[in-house]
Amino acid sequence: MSKPVQLDFINNDHFSRLFLVHDTVMGGRSQGSVTKTADGNAVLFYGELSLENNGGFASVEFRLQQKLPAKTFTQVSLNAAADNRTYQLRLKTPYIPQGVAYVTEFNTTSELRDYYFDSAAFEGRYRGRKIANLPALNFYDIIQISVMLADKKTGPFQIELHHISFSTDNKTQ
């Protein structure tokens with residue numbers, strides 16, 4: 001059993017760039033912003049999801065500052081608190097086509113907690129469509145982590161992102 005690798009969303013040493021990508025790139029009307037939480041320990045991603053003009057998604061993307069160690073990670077856990085909506089955790093590696101991501105969905109609660117996923121929980125997606133025949137997901141290949149809301153429900157949203165961890169031993173939710 002080895003110690004997990006933990007990346008704090010608030011730490012600039014862990015993530016080099018942060019991007020907001022919303023349905024506005026295709027004419028939609030969703031809005032989202034990012035700020036530090038009041039205690040300064042996490043990133044708060046919040047906004048308003050709209051389905052107008054074929055919209056319906058808002059996301060925040062974090063680019064890793066450094067490669068993860070070349071370990072055989074078996075699990076990723078996301079430490080977050082949110083608004084009881086269904087979000088997507090999206091992972092990108094340099095070995096998949098532009099715009100494609102490994103995606104899993106998770107139902108949030110307002111309590112701060114860990115959400116656990118193994119590599120089998122992720123599927124390839126491009127613009128909401130399932131993609132087959134992608135290389136196997138190796139967590140140590142990840143270069144970008146995103147959290148997206150695309151639950152087809154209009155209205156305000158917010159998710160507090162504390163950290164993401166990669167481990168070699170599995171835990172359950």
Output the residues belonging to the range 141-160 that are closer than 23 Å to TYR126 by Cβ and not in a strand (DSSP E or B). ASP141, ILE142, ILE143, ALA150, ASP151, LYS152, LYS153
Please verify whether PHE62 is aromatic (Phe, Trp, Tyr), in a strand (DSSP E or B) and more than 16 Å from THR154 (Cα to Cα), treating the condition exactly as stated. yes
Residue hits (the range 20-41; closer than 17 Å to LEU7 by Cα and in contact with a strand residue (DSSP E or B) (Cβ under 7 Å, 6 or more places away or on another chain)) are LYS36, THR37, ASN41
Candidates ALA58, ALA38, ALA70, filtered to the one that is hydrophobic (A, V, I, L, M, F, W, C), exposed (fewer than 14 other Cβ atoms within 10 Å of the Cβ) and touching a residue at least 60 places away in the same chain (Cβ under 8 Å): ALA70
Taking TYR126 as the residue in question, decide whether it is open to solvent by 40 Å² or more (accessible area, probe 1.4 Å) and under 20 Å from LYS152 (Cα atoms). yes
Only residues that are under 22 Å from GLN158 (Cα atoms), among the polar types (S, T, N, Q) and surrounded by 13 or more Cβ atoms within 10 Å (Cβ to Cβ): list them for the range 73-108, please. SER77, ASN79, THR86, GLN88, THR104, THR108
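The values are calculated or read from the model by the stated rules, or taken from the named source; none is laboratory data. Since this is a predicted model, take the numbers as computed values, not measurements. Positions of Cβ are backbone-derived with ideal geometry, glycine not excepted, and every protein chain shown enters the neighbour counts. To get the accessible areas, we keep the full protein, side chains included, count just its heavy atoms, and leave off ligands, DNA and RNA. Shrake-Rupley method; radii C 1.70, N 1.55, O 1.52, S 1.80 Å.
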